[in-house]
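Asker: Could you have a look at this structure, given as C-alpha cells, before my questions?
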Amino acid sequence: MGKSIRIAYGEALNEIAEYNDKLVVCDADLGHATMTNIFAEKHPDRFFNFGIAECNLVAEATGMAHAGLVPFVSTFALFGAGRAYEIIRNSVCYVNANVKFALTHSGLCVGEDGGSHQAIEDLALMRVLPHMTILVPCDYEQTKKCVKAAAEIDGPVYIRVARPVVDEITTAETPFEVGKAQVMKDGTDVCLMATGLMVGTALKAAEMLEAEGISCAVINHHTIKPLDAEIVRKYHEKCKGIVACEEHSIYGGLGSAIAEVIAGVPGGKFAQVGVMDKFGKSGTPDALFEAYGLTAEHMVEEAKKFL
Amino acid sequence: MVLQEKAAELRGDIVKMIHAAGSGHPGGSLSVIDILVALYYNVMKVDPKNPHWEDRDRLVLSKGHACPALYAVLADKGYFPKEDLATLRKIDSHLQGHPDMKKTPGVDLNTGSLGQGVAVATGMAIAAKYLKKNYHVYAIVGDGEIQEGLVWEAAMAAAHYKLDNLTVILDHNGLQIDGTNDEVMSLGDPVEKYKAFGFECFTVNGHDIDAITKVCKTPVHGRPKFICAETIKGKGVSFMENNAGWHGKAPSAEEVAKALAELEVK
C-alpha cells in the first residue's frame, strides 16, 4: 500500500507548526499540487501566496527569513530551482539565508505534463551552491523526517519532493540523519547507490540479483549534499562495482557526486543509471521510467558488468 | 554641520574611495547620496552601536553598485571606522564591491543583482506585519533596474499585502550603462506605473534633502509608498554630471583633486 510523498510534506508542515512558531509557508499558486494547501487550510495566517511569480516567491521568502522566520518555499522544481535560480544563488545561498525549498514535481515521474515540467537537472543546479543542503526522500515517512530536519538546520535546504504515491520502504522508526546514507540492504558483490524513487527500484533490482546468487548492497543516499563520502569509499573498496541510480540527469546529480568521491582511485569501478543527456516527454511515470532506462532490469544489467 | 555640507563631504569620500579602489560606480553613488543622507540623518530609526537591533528601520540599496554612497554614510554614522573606506574592493576588506550584509556592519541586505533587493525588502515588510513589528523598510531602486521584471512582481505583492511599512524610492537619474533609459529601454512614466500597481506616489527633487525628508515622513495607510526622486547622475562633480561614461569608472588622482575642489571639501 503506497502513500503520497507530497501529502507527507503537507502533513509534516502542520506537525512542525505545532512546536515552531517561526514557520511560515510560501507558494506560487500551486498549493493544491505541492500540498501546501494542507497547511494553508489549517494556518491561513501563516501561509503566503505570491501568485505565479517564482522569482518573487523566493525573494519574498528570503526577506521573511532575514526577519527571523523559517519560510518553506514550494512550487514545481523546474520553476523554483530553474527560473528562480539566480535569486537562490545571490539572495539566499550567498548569505546562508535560512530559506527552505520543498520543490515538488521533480524528475520524470511528473509524467503526462511532459518534458517542459520535468526537472531532471535540479540536483545539479543546487549542488554547486555553497551552503545548500540537499535532501531527497524515498517515501512518505522519510519525507516527513527530511522536512522536520530541514526546519532545524540554520541555512538553506533543498528537498526534492516527488509527485507519486510510492511503496513504503521505511517506517516512522527508521533512523534518519542528514548526511548519513542508509544501508537498506547489505551485500558484497555489487552496490546500488540510489536516491529518491530509485531506492525502491534498486531494492527490486537487488532481489533479482540475489535470485541469481549475486550479493547486492543497496544504499539510500537521502542526502545528496553533504554526500556521505565515507560510505561511498567503503563500498567502492568492498564491492566489485557501484551503480548510481537516480531519476535525474547523469550529469551533476548523485552519480556525479559519487564519481567526485572515487575520482583518482586506481581501478575505479563505477556505472550510472540515470537520465542520459536528453529532456523528458509525456507518458505515464512507469512508461517513462521504462523508456529512459530507470528500471530494475537496467540496474541489474549495469551491476552484472562488474562481475 | 548642515546636511548639505554633510552630503558634500560624503561626495568627497565617494570619489576618494572609488579612486583608491581603482574601480567602482561614481555616477549612481553621487546621484543617490542625498536620498541616503535624508534617510539616515532625518528619517530612519537606527542605532549604529547596535546594527542588528530588531526594531530598526531597514535600508535596502537595491541598486547595490552605488554602495560607495552607503559605505560613506555608514562610516560617518559610526558603524565602522572611516579609514576602512580606503579598503573598498580590496582583498579581505569588509567593504565588498557590492553590499554584503554578512560582512559590513549596518548593511541590511546583500544586493547588486538588480531587482532582487527590492523584492527581498518587500518580504522584510511582510515579515514585519506578520510579527507585528513597527519597523519601516526603505528600498532604493535605480531607473535602469526597474527594467527587471522582478521589480514589478514585488510591486504587485507589496500592494496585495497592503504594505504601508514599505517605501520604494526611485533614483531617477535617467542614465544607465549603455546610455539614456530611453535609448536602452524606455521606462514610460514610472509614477503612473507604480500608481497602477497600487502605490501611493510622490515625486521629489532627489537632491533636496529637506524635501526628501518631508515626503518620507508623509504618512500613508493601507498601501505602499513610491517616491520618484528626480536626480542627476554624477551630481556635484561637474565633469561627471549627466554622463553615462561615469557609471562604472574610477577617477584619476587629478580628477579627484578637481572634484574635491568643486565640492569644497578635503
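Asker: Look at A:Phe76 and say whether it is more than 14 Å from every other protein chain (Cβ to nearest Cβ) and of a type in the set (Phe, Trp, Tyr).
Answerer: Here the answer is yes, as A:Phe76 does meet what is asked.
Asker: Within the group A:Val265, A:Val178, A:Val190, which residue is modelled with pLDDT of 95 or more and closer than 20 Å to A:Leu307 by Cα?
Answerer: A:Val190
Asker: Could you identify the single residue in B:Val204, B:Val191, B:Val265, B:Val215 that is closer than 16 Å to B:Ala38 by Cβ and either in a helix (DSSP H, G or I) or over 16 Å from the mean Cα position of the chain (by Cα) (or both)?
Answerer: B:Val215
Asker: Quick one: is A:Ile16 touching a residue at least 60 places away in the same chain (Cβ under 8 Å), within 21 Å of B:Leu114 (Cα to Cα), under 21 Å from the mean Cα position of the chain (by Cα) and in a helix (DSSP H, G or I)?
Answerer: No.
Asker: Among the residues in segment B:22-34, are any in contact with a strand residue (DSSP E or B) (Cβ under 7 Å, 6 or more places away or on another chain), under 26 Å from B:Asn165 (Cα atoms) and within 14 Å of another protein chain (Cβ to nearest Cβ)?
Answerer: Within segment B:22-34, none of the residues are in contact with a strand residue (DSSP E or B) (Cβ under 7 Å, 6 or more places away or on another chain), under 26 Å from B:Asn165 (Cα atoms) and within 14 Å of another protein chain (Cβ to nearest Cβ).
Asker: Continuing with this model, one more query. Taking segment B:151-179 as the search range and keeping residues that are part of a loop (DSSP other than H, G, I, E, B), closer than 19 Å to B:Lys129 by Cβ and in contact (Cβ under 8 Å) with a residue 60 or more places away in the chain, which one is farthest from the chain's Cα centre (by Cα)?
Answerer: Among those residues, the one meeting the criterion is B:Lys162.
Asker: Moving on. Kindly provide the set of residues from segment A:8-37 that are over 22 Å from A:Ala97 (Cβ atoms), in contact with a Gly (Cβ under 8 Å, 6 or more places away or on another chain) and surrounded by 21 or more Cβ atoms within 10 Å (Cβ to Cβ), ordered by number.
Answerer: A:Met35, the sole residue that qualifies.
Asker: Restricting to segment B:67-84, name every residue that is in contact (Cβ under 8 Å) with a residue 60 or more places away in the chain and either over 17 Å from the mean Cα position of the chain (by Cα) or outside any helix (DSSP H, G or I) (or both).
Answerer: B:Lys82
Asker: Looking at segment B:127-149, which of its residues are under 20 Å from the mean Cα position of the chain (by Cα), surrounded by 24 or more Cβ atoms within 10 Å (Cβ to Cβ) and within 11 Å of another protein chain (Cβ to nearest Cβ)?
Answerer: Across segment B:127-149, the qualifying residues are B:Val137, B:Ala139.
Asker: Another question, then. Just checking, does segment B:225-239 include any residue being part of a helix (DSSP H, G or I), without any contact (Cβ under 8 Å) to a residue 24 or more places away in the chain and surrounded by fewer than 17 Cβ atoms within 10 Å (Cβ to Cβ)?
Answerer: Within segment B:225-239 (the criterion being part of a helix (DSSP H, G or I), without any contact (Cβ under 8 Å) to a residue 24 or more places away in the chain and surrounded by fewer than 17 Cβ atoms within 10 Å (Cβ to Cβ)), the answer is no, since none of the residues qualifies.
Asker: Let me ask something else about it. Quick check: is even one residue across segment A:99-109 within 14 Å of another protein chain (Cβ to nearest Cβ), polar (S, T, N, Q) and either in contact with a helix residue (DSSP H, G or I) (Cβ under 8 Å, 6 or more places away or on another chain) or surrounded by fewer than 21 Cβ atoms within 10 Å (Cβ to Cβ) (or both)?
Answerer: No - not one qualifying residue is present in segment A:99-109.
Asker: Then there's this: When you check A:Val147 against the structure, is it in contact with a helix residue (DSSP H, G or I) (Cβ under 7 Å, 6 or more places away or on another chain) and more than 14 Å from chain B (Cβ to nearest Cβ), yes or no?
Answerer: Against the criterion (in contact with a helix residue (DSSP H, G or I) (Cβ under 7 Å, 6 or more places away or on another chain) and more than 14 Å from chain B (Cβ to nearest Cβ)), A:Val147 qualifies.
Asker: Here's a follow-up. If I ask for residues that are touching a residue at least 40 places away in the same chain (Cβ under 8 Å), at the interface with chain A (Cβ under 8 Å from one of its Cβ atoms) and surrounded by fewer than 24 Cβ atoms within 10 Å (Cβ to Cβ), which ones from segment B:85-126 would you list?
Answerer: B:Gly112, B:Ser113
The values are calculated or read from the model by the stated rules, or taken from the named source; none is laboratory data. Note that this is a predicted model, so its numbers are computed, not measured. As a convention, Cβ positions derive from the backbone with ideal geometry for all residues, glycine included, and neighbour counts pool all protein chains shown.
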